[in-house]
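So the structure is just underneath, and the comments pick up after that.
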């Protein structure tokens, strides 16, 4: 099997995942479709809005004075939006892929409050207690060591700081292995079948309190599936199995929050 780390590096590096039709607007996420009608033809504007609306879910509560760290910041489109819309004191985008960081720096506005750096989630290149909020949007599914990510985020957060992660997890640990039989990104190792209960335990072990997870799958999977179908993927192709995996209880999308 090809090395998953190499596959991820290629996907986000030379292949520039943000450029494919499944995404749009420089975002790389599945979208939050609650306020977008799914009864007609979706437009590219709808697709971009869905991705921005997912950022609104994750950045909810961020305001003036907050020092924010976004882990897996990609092209920095979401961080740039948040800087202008929410006005935090600072946003530091951390991404493992140097090509992504380079693209983000080249596209970002000239603003001292916004920086992008290369770094790993399990060893964030930031000082202890230097952030008020650490968040991550659709990146944790790629991480091999969620417990290391939890420890690193807790170290970087000040006491009482907020931690927010949104991505897809396996709800029931006993089903691990079944999603890999359906979805190519899991079969290749690019995505990991992380059981949600184990991640919540990782957060508690790292020292977080008020750990919770809210499913938003009903506002993610149907809209994503409709968009993918419009791109010409038939029902028997693997990209259409995200929705069926959700309906069969093998995968769901969550917003996980905790307090340092």
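Observations
- Matching option when the condition is over 16 Å from residue 202 (Cβ atoms), at pLDDT 95 or above, in a loop (DSSP other than H, G, I, E, B) and over 16 Å from the mean Cα position of the chain (by Cα), among 109, 125: 125
- Identification of helices (runs of 4 or more DSSP H) wholly contained in region 1-93 with 2 or more residues that are touching a strand residue (DSSP E or B) at 6+ places or on another chain (Cβ under 9 Å) and closer than 23 Å to residue 123 by Cβ yields 77-86.
- Of the residues contained in region 51-63, one or more are found to be modelled with pLDDT under 95, closer than 29 Å to residue 112 by Cβ and more than 16 Å from the chain's Cα centre (by Cα).
- Residue count for region 8-45 under the criterion of being surrounded by 15 or more Cβ atoms within 10 Å (Cβ to Cβ) and more than 19 Å from the chain's Cα centre (by Cα): the result is 2.
- In region 131-158, of all residues being assigned to a strand (DSSP E or B) and under 17 Å from residue 205 (Cβ atoms), the one that is farthest from the chain's Cα centre (by Cα) corresponds to 157.
- If you filter region 112-122 down to residues that are in a loop (DSSP other than H, G, I, E, B) and out of contact with any strand residue (DSSP E or B) (no Cβ under 6 Å at 6 or more places or on another chain), you find that the one that is modelled with the highest pLDDT is 122.
- Condition broken by residue 63, with the remaining ones in (1) over 28 Å from residue 14 (Cα atoms); (2) surrounded by 17 or more Cβ atoms within 10 Å (Cβ to Cβ) satisfied: (2)
- Those residues of region 182-201 which are within 14 Å of residue 240 (Cα to Cα), assigned to a helix (DSSP H, G or I) and over 18 Å from the mean Cα position of the chain (by Cα), in sequence order: 184
- Taking region 94-106 as the range and being farther than 12 Å from residue 156 by Cβ and either modelled with pLDDT of 95 or more or part of a loop (DSSP other than H, G, I, E, B) (or both) as the test, the residues that pass are 95, 96, 97.
- Some residue of region 161-181 being touching a helix residue (DSSP H, G or I) at 6+ places or on another chain (Cβ under 7 Å), part of a helix (DSSP H, G or I), without any contact (Cβ under 8 Å) to a residue 40 or more places away in the chain and crowded, with 20+ Cβ neighbours inside 10 Å: no
- Pairs, first without any contact (Cβ under 8 Å) to a residue 12 or more places away in the chain in region 204-216, second assigned to a strand (DSSP E or B), C-beta under 9 Å, six or more apart: 204/211; 204/258
The values are calculated or read from the model by the stated rules, or taken from the named source; none is laboratory data. If you're wondering where the values come from, they're calculated on a predicted model, not measured in any experiment. For neighbour counting, all protein chains shown are included, and Cβ atoms are generated from backbone atoms with ideal geometry for every residue, glycine included.
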